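Rule-based calculations on the coordinates, nothing more; no lab input. Because the structure is predicted, anything quoted here is derived from the model rather than measured. All Cβ positions, glycine included, derive from the backbone under ideal geometry; neighbour counts span all protein chains shown.
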Amino acid sequence: MRLTRKRLCAFLIALYCLFSFYAAYQVFFGSRSRPPAAASRGLRKGAALAPERRGRAGQSTLGSEEWNPWEIDERNEQRLRVKARLQILNKSTRTKPDLHIQIWGKAAIGFYLWEHIFEGFLQPTEVTSQWREGKLSFGRTHFSFITGPAVAPGYFSIDVNNVVLVLNGREKTKVFYATQWLLYAQNLVQTQKLQHLAVVLLGNEYCENDWITQFLKRNGGPVELLFLTYDSPWINNVDVFQWPLGVATYRNFPLVETSWSIVYEERRYLCNFLGTIYENSSRQALMDILKQDEYSKRCWVSTREQWPPQETFESLKKYQDALLHSDLTLCPVGVNTECYRIYEACSYGSIPVVEDVMTAGSCGNTSVHTNAPLQLLKSMGAPFIFIKDWKELPAILEKEKNLILYEKIQRRKMLLHWYRNFKTQLRMKFTSILESSFLRKNKG
């Protein structure tokens, strides 16, 4: 019995040693000859998933799903963006801010400033929250942003010396509301609770903004700097600066992240126009062209007779799809030449075709710009197609038909790069102007 038990133990030890030698052989010699099955399955699975991460692989016309001929460019662009953001972050964390500025967002254009230009975040994320706020540092300045119904005159604590007030002055009802804010801010300056005040104003589409002149510093008011939308003749780059209209954040147009499909996919439509047709406007002439058989099926067109102030989920998705799937976005003038559609098209890499004519009102050239309309966009080299008459459109569309996908991709890349740089330059310019004005006066 004792002998049998010894033999059994010896057999188990020998078996254990045999399996140990086999396992060691597989680890050190077997893996060199061929990859493990699990690893090869993982590679195949990763290759299959790659197109899904880049975009809608099923709709792509670029060839094999497992090969992206522009992958190196894409990686380089991503690496440069990450490097630039890290440099800004490192610089901000290494240096103590010289200036603290709080932005009071009391108009939807403030979201374009904070989320699109400054790439800031807001907490809580729910847009219906009573109070939302965010913080970030750029250059020598620490910015904070507050917004929401709870941000009301006299109902929140003031713990900063420098404020940028974002207001809507487009209509009479909005002007009344904006005036109450300016009177409140004027009292804060007079009682030395604030040192410096700047205003970002969504101005009147006819550039009729006389109501705010009494609040400018040069006229004895509290507003040292005014950033104003549209081609106002007041713009002098001293105390009044032009500000972009941006996207329609008030209608929930989002911050669009550049994806593989935006840059590289073949687009189904030559052009798009989704909008309101005003009586006796150039939009009627545009529609006469788009109704022609050769363009009616090549352009995504959807019109209405009245402009709805609110956007539904379905209408917003339809509009975004039109931008994503069209090579060109047609931008006829409305009340003003500048419209949200221009910036929204840029977000999706759809080239804006802009009707470059002045509209009625007081907008026009200034002492520093003589190429109105759209002076700001032109001065920053916007790669748009500018036309004076929609009769030029057929020739543009015929040329568009002959472009190959590679040419369209390069053009999209140029537009997306320009738009990203446009927002970066605005952020730098905005910060620099505030720093130069507020810090200089603090020292003085």
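Under 19 Å from a point placed 7 Å out from the Cα of residue 307 along the Cα-to-Cβ direction: which residues of the stretch 259-280 have their backbone N that close? Zone members listed by number: 273-280.
Using the Cβ-Cβ distance between residue 126 and residue 156 with R0 = 22 Å, the FRET efficiency computed as 1/(1 + (r/R0)^6) comes to roughly 0.70. Shown in residue order for the stretch 422-427 are the 3J(HN,Hα) couplings computed by the Karplus curve 6.51 cos²θ - 1.76 cosθ + 1.60 at θ = phi - 60°: 4, 5, 5, 5, 5, 4 Hz (x for Gly and Pro). Modelled label positions at residue 371 and residue 317, each set 7 Å beyond Cα in the direction of Cβ, lie 4.1 nm from each other. Applying 1/(1 + (r/R0)^6) with r as the Cβ-Cβ distance of residue 420 and residue 11 and R0 = 60 angstrom yields a FRET efficiency of 0.25.
Would you please put 206-218, 230-242 in order of how densely packed they are, using the mean number of other Cβ atoms within 10 angstrom per residue and starting with the highest?
Values: 206-218: 16.1, 230-242: 20.2.
In decreasing order of mean packing, 206-218, 230-242 become 230-242, 206-218.
On the principal axes of its alpha carbon atoms, the stretch 158-307 extends 67, 41, 27 Å, with the longest extent given first.
Here the stretch 275-356 was treated as a single set of alpha-carbon atoms; its pair distances binned every 5 Å from 0 give 3, 14, 23, 28, 23, 8, 1 percent.
Suppose a student asked you for the relative contact order of the stretch 94-229, using Cα pairs under 8 Å spaced at least 6 residues apart; what percent would you report?
Working: 229 pairs, mean separation 31.1, N = 136.
Once normalised by length, the contact order is 23 percent.
Among 270-279, 298-307, 98-107, 195-204, how do they line up from the highest to the lowest mean number of other beta-carbon atoms within 10 Å? Display every interim value, and only then the final one.
Numbers: 270-279: 18.3, 298-307: 14.2, 98-107: 20.8, 195-204: 23.7.
With the highest mean Cβ count within 10 Å placed first, the list reads 195-204, 98-107, 270-279, 298-307.
With 25 Å as the limit, write out which pairs from 297/423; 135/174; 135/423; 378/399; 174/318 have Cα-Cα distances beyond it, or answer none. Result: 297/423; 135/174; 174/318 exceed 25 Å.
When +1 charges are put on Lys and Arg Cβ atoms and -1 charges on Asp and Glu Cβ atoms, the dipole computed for the stretch 251-424 relative to its Cα centre reaches about 360 debye.
Over the Cα atoms of the stretch 251-424, each weighted equally, I'd like the Debye log10 I(q)/I(0) at q = 0.17, 0.18, 0.20 Å⁻¹, rounded to two decimals. Log10 of I(q)/I(0), two decimals: -1.16, -1.31, -1.59. Mark the label point 7 Å from the Cα of residue 398 along Cα→Cβ and return the residues of the stretch 278-304 whose backbone N is within less than 20 Å of it. Output list for this probe position: 286-299. For the stretch 264-273, putting each phi into the Karplus relation 6.51 cos²θ - 1.76 cosθ + 1.60 with θ = phi - 60° gives couplings of 10, 6, 5, 9, 6, 10, 5, 8, 9, 8 Hz, in residue order, rounded to whole numbers and with x for Gly and Pro. Per-residue 3J(HN,Hα) values for the stretch 371-388, derived from phi via the Karplus relation 6.51 cos²θ - 1.76 cosθ + 1.60 with θ = phi - 60°, read 10, 5, x, 6, 4, 5, 5, 5, 5, 9, x, 4, x, 9, 9, 9, 10, 9 Hz in sequence order (x marks Gly and Pro). Compute the label zone of residue 171 within the stretch 186-208: residues whose backbone N is under 16 Å from the point 7 Å along Cα-to-Cβ. 202-206, by backbone N distance to the label point. Sorted from greatest to least, the principal axis extents spanned by the alpha carbons of the stretch 108-242 come out as 38, 34, 33 Å.
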